[in-house]
Amino acid sequence: MRIDLRRGLVLGILPLLGACAGALPPPSPGTTPTAPVGRATRAGPPPSNPAMPTGAAFRAPRVMNIPGVEGLIGSNADSLQRAFGTPRLDVVEGDTRKLQFSGEACVLDIYLYPLREGAEPTATYVDARRSSDGLDVDRAACVAALKRR
């Protein structure tokens with residue numbers, strides 16, 4: 001009798017718990033799913049034109065303007081690969097591109113966006129972090145550490 005009472009309580013509570021734990025909707029087209037819980041995420045550059053739907057108006061990206069990276073900003077993928085070698089990561093999404101270069105000291109992410117509709121993507125944003133723990137480092141120092149000599 002006592003086991004039947006527990007079973008009845010558990011079975012009575014299950015619908016209530018199910019109502020509280022609704023499923024998350026799938027991500028909308030053109031959005032990035034969120035990172036798994038417990039993993040740190042890094043904010044990248046502000047999006048410029050993620051996979052524009054046909055007929056959408058072109059939006060020019062914001063271009064980074066800080067000391068130490070002015071030699072990279074405006075460079076295309078070929079010139080970046082001549083300067084740093086083969087990228088560890090090369091991600092193309094729509095008309096945008098991300099190149100990642102890494103070494104013992106740091107990881108350098110370079111984001112390329114077209115400045116005009118139909119133009120070749122060029123570097124508009126640079127981010128750098130330590131290879132060992134992912135903490136931000138000086139972008140110019142990372143560039144200098146990774147550049148081919």
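The values are calculated or read from the model by the stated rules, or taken from the named source; none is laboratory data. Note that the structure is a prediction, hence the values are computed from the model and not measured. In this analysis, Cβ positions are derived from the backbone assuming ideal geometry, glycine residues included, and neighbour counts consider all displayed protein chains.
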Exercise. If you take the residues of the stretch 97-135 that are touching a strand residue (DSSP E or B) at 6+ places or on another chain (Cβ under 7 Å) and acidic (Asp, Glu), which of them is surrounded by the most Cβ atoms within 10 Å (Cβ to Cβ)?
Worked result: 109
Problem set entry | Single condition residue 105 does not satisfy, out of (1) at negative phi; (2) modelled with pLDDT under 80; (3) not hydroxyl-bearing (Ser, Thr, Tyr) | (2)
For this session: Just one of (1) farther than 18 Å from residue 140 by Cβ; (2) of a type in the set (Ser, Thr, Tyr); (3) modelled with pLDDT of 50 or more trips up residue 79, so point out which.
Result: (1)
Problem set entry | the stretch 108-120, residues that are at pLDDT 95 or above and under 20 Å from residue 66 (Cβ atoms) | 108, 109, 110, 111, 112, 113
Exercise. Does residue 139 satisfy the criteria of being buried (at least 20 other Cβ atoms within 10 Å of the Cβ) and of a type in the set (D, E, K, R)?
Worked result: yes
For this session: Output yes when any residue across the stretch 109-129 is over 20 Å from residue 61 (Cβ atoms) and either in a loop (DSSP other than H, G, I, E, B) or touching a Gly at 6+ places or on another chain (Cβ under 8 Å) (or both), and no when none is.
Result: no
Exercise. Does any residue in the stretch 64-78 that is over 20 Å from residue 116 (Cα atoms) and touching a residue at least 40 places away in the same chain (Cβ under 8 Å) come within less than 9 Å, Cβ to Cβ, of a residue that is exposed (fewer than 14 other Cβ atoms within 10 Å of the Cβ) and hydrophobic (A, V, I, L, M, F, W, C) six or more places away or on a different chain, and which pairs are these?
Worked result: 68/141; 68/144
Exercise. Taking only pairs six or more apart or across chains, which ones have beta-carbon atoms under 9 Å, a first residue in the stretch 129-149 that is touching a residue at least 24 places away in the same chain (Cβ under 8 Å) and within 17 Å of residue 66 (Cβ to Cβ), and a second residue that is assigned to a loop (DSSP other than H, G, I, E, B) and among the β-branched types (Val, Ile, Thr)?
Worked result: 129/137; 139/66; 139/69; 140/66; 140/69; 143/69
Exercise. So, of the residues in the stretch 84-108 that are outside any loop (DSSP other than H, G, I, E, B) and of a type in the set (Val, Ile, Thr), which turns out to be nearest to residue 60 (Cα to Cα)?
Worked result: 96
